[in-house]
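Worksheet: one structure, shown below.
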Amino acid sequence: MTDLRYLSFSSYCRQKYGHRIFRIPLDAGMTCPNRDGRIGYGGCIFCAGGSGDFAYRYTGVLPDPEDIPYTHARRDPKDEYIAYFQAYTNTYAPAERLRELFEPVMKDERFAGIAIATRPDCLGEDVLALLKELKMTYPEKILWVELGLQTISEKNAVWMRRGYPLAVFDQAVMHLHALSIDVIVHLIIGLPDEDENQVGKTIDHLNALHVEGVKLQLLQILEGTDLAELWKRGEIREMSEDEYVRIIGMCIAWLDPHTVIHRLTGDGNAQTLLAPLWSLCKREVLNHIERYLRENDIVQGKEYTNHG
Ligand code: SF4
């Protein structure tokens, strides 16, 4: 069972809360400093719009989680929901505006808390003060922050136009941990020249920072992005499924066994995905990973002591 070979989000929730927790993805109408000109105009090279494809447009009135179609799959009445501020950069606004967005969720009994996706360079003193206040006012609620690091390679950070150096990420993790806020880090597998060794360096770095969770995601080439133009000109190659599964196996083996793995592959948008098309069959990719872990007797943290 894959679930027993690594600490998945669902198994972590069952251990910690005794039930599952589902994210309700929200689009709060934010933008991103990497798109509106404060840092850059083009956005990250792979970005087709801030990951908000499946998000509910939140304009001040929270959706009833029971009305979101995919949550109908929920089986146990004890299961809970968190509001996941997903689209674009969800701390890129004045703190008072953020309070208007976040506080209603904390007060709402239908939600167990919030997850906030953002950039590490958008966690200024005012935002951190607000997060601290929310954490202290609603201690029973979940509050975590998701940061899109993608890689520790400074060369690839420049290539993808991420717009901040690794030191900024490290400092943001330190600030969030000082407030006892969990940090979930997004990584991309399949960046140029990133073999197992380079990805392993990123995993080691996260182990050293003791981040609470990771989301692993394949580099997907989406129509309308600058990455798609490189791909059409043959200047970037897509990753094969075998390579992806092998690197995921390495990540699981090297990762601190206490770090929660929130995702092993992404949900591709079939309308805009150009490559790799195999990634659309998410269930098959997960089965492939499961088989690979079993055949190679990999469990999370198997190699951690050698690298952590
Ligand atoms: S930081 Fe996020 S929203 Fe902004 S350009 Fe990069 S991927 Fe897109």
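The values are calculated or read from the model by the stated rules, or taken from the named source; none is laboratory data. Because the structure is predicted, anything quoted here is derived from the model rather than measured. All Cβ positions, even for glycine, are placed from backbone atoms using ideal geometry, and neighbour counts span all protein chains on display. Protein only, heavy atoms only, side chains kept; ligands, DNA and RNA dropped before computing areas. Shrake-Rupley method; radii C 1.70, N 1.55, O 1.52, S 1.80 Å.
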Positive-end residue of Ile236, Tyr84, Gly113, charge dipole of the chain with Cβ unit charges: Gly113
Scaled radius of gyration (Cα, divided by 2.2 N^0.38 Å) that the chain gives: 0.96
Mean separation of Cα contacts under 8 Å, 6 or more apart, over the residue count of region 211-308: relative contact order %: 40
Stretch gain in nm, segment Ser10-Arg246, where the contour uses 0.36 nm per residue and the Cα spacing is subtracted: 82.7 nm
Local electrostatic count at Cys281 - Lys and Arg +1, Asp and Glu -1, tallied over other residues with Cβ under 12 Å: -1
Extension gain from Lys282 to Lys232, taking 0.36 nm per residue of separation minus the Cα-Cα distance: 15.6 nm
Pairwise label distance in nanometres, Glu196 with Val158, each label 7 Å out on the Cα-Cβ vector: 2.9
Solvent-accessible area, 1.4 Å probe, carbon plus sulfur percent, for the chain: 51
Only Lys, Arg (+1) and Asp, Glu (-1) charged, at Cβ; region 225-308 dipole about Cα centre in debye: 120
Extended-chain gain in nm, criterion 0.36 nm per residue less alpha-carbon gap, Asn296 and Asp67: 78.3 nm
Three-way shape label, region 24-136, alpha-carbon gyration tensor, a/c 1.5: oblate
Point-charge dipole on Cβ atoms (K/R +1, D/E -1) for region 2-300, about Cα centre, debye to 20: 240
Region 139-191 versus region 83-125: alpha-carbon centroid distance in Å: 16
Under 12 Å, Cβ to Cβ, from His186 - net charge with Lys/Arg +1 and Asp/Glu -1: +3
Packing-based ranking, highest mean first, of 22-29, 297-304, 193-200 given that Cβ atoms within 10 Å are counted: 22-29, 297-304, 193-200
Those Cys residues of the chain for which no other cysteine Cβ falls under 4.7 Å: Cys13, Cys32, Cys122, Cys251, Cys281
Accessible area in square angstrom per residue, the chain, 1.4 angstrom probe: 46
Environment charge at Gly148 (Cβ cut-off 14 Å; Lys +1, Arg +1, Asp -1, Glu -1): +4
Highest-MSF residue in the chain out of Val245, Val211, Val61 [GNM, Cα springs under 10 Å]: Val61
Within straight-line cross-link reach of Lys232, lysines at Cα separation under 29 Å, skipping those fewer than 8 residues along the same chain: Lys155, Lys215, Lys282
Under 5 Å, built H, 5+ apart or other chain: amide partners of Ile189: Gln217, Leu218, Leu219
Furthest towards positive pole of dipole, Gly18, Pro94, Ala28, structure part region 2-300, Cβ charges: Gly18
Mean separation of Cα contacts under 8 Å (6+ apart) over length of the chain, as relative contact order %: 18
Average Cα contact separation per residue, region 1-158, under 8 Å, 6 or more apart, as relative contact order %: 22
